[in-house]
1. Under the condition of being surrounded by fewer than 19 Cβ atoms within 10 Å (Cβ to Cβ) and within 14 Å of the ligand (Cβ to nearest atom), which residue from segment 211-220 is farthest from Thr150 (Cα to Cα)?
2. Inside segment 221-237, can you point out the residues that are near the ligand (Cβ under 10 Å from one of its atoms), outside any loop (DSSP other than H, G, I, E, B) and crowded, with 24+ Cβ neighbours inside 10 Å?
3. With respect to Val207, determine if the residue is more than 30 Å from Ala278 (Cβ to Cβ) and either open to solvent by 70 Å² or more (accessible area, probe 1.4 Å) or not in a strand (DSSP E or B) (or both).
4. Out of everything in segment 17-45 that is under 16 Å from Ile93 (Cα atoms) and part of a helix (DSSP H, G or I), what residue ends up being farthest from the chain's Cα centre (by Cα)?
5. Do you know which residues across segment 46-80 are open to solvent by less than 30 Å² (accessible area, probe 1.4 Å), closer than 22 Å to Ala13 by Cα and in a helix (DSSP H, G or I)?
6. Of all residues being more than 19 Å from Val207 (Cβ to Cβ) and free of Cβ contacts under 8 Å to residues at least 60 places away in the same chain in segment 144-157, which is nearest to the ligand (Cβ to nearest atom)? Just the residue, please.
7. Taking the stated definitions as given, is Ala141 in contact with a His (Cβ under 8 Å, 6 or more places away or on another chain) and either open to solvent by less than 30 Å² (accessible area, probe 1.4 Å) or within 15 Å of the ligand (Cβ to nearest atom) (or both)?
Amino acid sequence: MSAQLIDGKAIAARMRARLAEARQTLGDRHVRLVSLQVGQNPAAAVYVRNQQRAATEVGILMEVVDLPKGTTQDQVVAEILQHSRRADVAGIIVQRPLPPTIDARSVQMAIDPRLDVEGMHPANMGAILYREPMFPPCTAAAAEHLILATGIDLRGAETVVVGHSEIVGKPIAILLLHRLSTVTVCHVGTRNLGDHTRQADILVVAVGKPGLVRGDMVKPGAVVIDIGINQLVDGSLVGDCEHSSVAAVAGHLTPVPGGVGPVTVAMLLRNTLRAAGADI
Ligand code: NAP
């Protein structure tokens with residue numbers, strides 16, 4: 001069997017077209033997304049450029065604020081508060097990685113939940129449990145969207161999420177639980193990862209370790225969502241799944257790059273339009 005690749009680029013392009021239509025309903029006023037970053041990071045710079053291009057396509061002004069390397073946590077928080085007071089700012093995001101002197105969670109907490117378009121503030125995270133998130137976390141929402149795009153029936157499906165981070169693994173598990181799939185979450189304490197992953201009709205991998213999941217760990221025909229992004233020494237990007245062996249067994253597989261990433265950006269823009277008042 002050779003897996004059908006889930007074309008995240010094409011799915012994201014369709015989403016952006018719908019978002020551009022929703023943007024029109026807001027009229028001529030500016031919809032601004034402020035992106036803060038501290039210090040220069042080449043990988044983040046590529047990501048920010050992609051976000052900016054997508055935002056422009058949809059009709060959102062993405063304002064990139066580059067703070068110098070030595071910026072303190074208090075200064076980042078002050079910057080967030082200053083942008084929060086601007087009437088045309090619909091959303092604020094803080095790019096990662098942050099320097100080790102800055103606590104990402106404290107900074108995220110300084111963003112008003114109504115401007116937290118990444119969906120990472122505890123208020124938005126907590127709302128997921130009640131099925132009423134204002135802004136679902138973008139990567140989790142993207143993973144759910146890509147799974148639904150395959151047409152698989154989630155109700156009763158065995159789902160395994162590998163990785164239990166607050167911003168990716170845990171919210172994905174909750175979103176898929178709401179769809180009545182039977183969710184198992186694996187992590188560093190999991191004794192034999194393959195014993196779990198081989199049971200999965202839907203396998204979501206979000207760890208950041210290339211080659212963690214191989215074809216012999218995948219159930220034939222499974223839907224595999226590879227969220228990991230790892231840069232190899234030659235500069236190429238790979239996911240957490242060993243692509244060739246997993247593609248030989250899975251029914252559907254997201255490529256890296258071109259899978260979850262572009263849809264994550266589209267979710268960010270959707271959240272920004274929602275923050276600006278669009279009904280989407
Ligand atoms: P993270 O905060 O480092 O979390 C990684 C998770 O994997 C942790 O829960 C960790 O457990 C767990 N883990 C570590 N080793 C493991 C193992 N051997 N087996 C099972 N679980 C293990 O990373 P993240 O922010 O969730 O991101 C995960 C990956 O997704 C990264 O590669 C990141 O670049 C990528 N990502 C992609 C997108 C996108 O748009 N495509 C967006 C966000 C993130 P412990 O905490 O207990 O160690």
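1. The extreme case among them is Gly211.
2. Answer for segment 221-237, where residues must be near the ligand (Cβ under 10 Å from one of its atoms), outside any loop (DSSP other than H, G, I, E, B) and crowded, with 24+ Cβ neighbours inside 10 Å: Ile225, Asp226.
3. Yes.
4. Of everything passing the filter in segment 17-45, Ala45 is farthest from the chain's Cα centre (by Cα).
5. Applying the first criterion (open to solvent by less than 30 Å² (accessible area, probe 1.4 Å)) to segment 46-80 yields 48, 51, 54-55, 58, 60, 62, 65, 67, 71, 76, 80.
Cutting the leftovers down to closer than 22 Å to Ala13 by Cα gives us 48, 51, 54-55, 58, 60, 62.
Of everything in segment 46-80, those that are open to solvent by less than 30 Å² (accessible area, probe 1.4 Å), closer than 22 Å to Ala13 by Cα and in a helix (DSSP H, G or I) turn out to be Val48, Gln51, Ala54, Ala55, Val58.
6. The selected residue is Leu148.
7. Judged against the criteria, Ala141 is not a match.
Table: residues versus (1) small (Gly, Ala, Ser); (2) in contact with an Asp or Glu (Cβ under 6 Å, 6 or more places away or on another chain).
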position	(1), (2)
Pro220	no, no
Val224	no, no
Gly235	yes, no
Gly239	yes, yes
Ser244	yes, no
Val263	no, no
Met267	no, no
Ala275	yes, no
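The values are calculated or read from the model by the stated rules, or taken from the named source; none is laboratory data. Note that the structure is a prediction, hence the values are computed from the model and not measured. Because the Cβ atoms are built from the backbone with ideal geometry, glycine has one as well, and the counts that use them run over all protein chains shown. Protein only, heavy atoms only, side chains kept; ligands, DNA and RNA dropped before computing areas. Shrake-Rupley method; radii C 1.70, N 1.55, O 1.52, S 1.80 Å.
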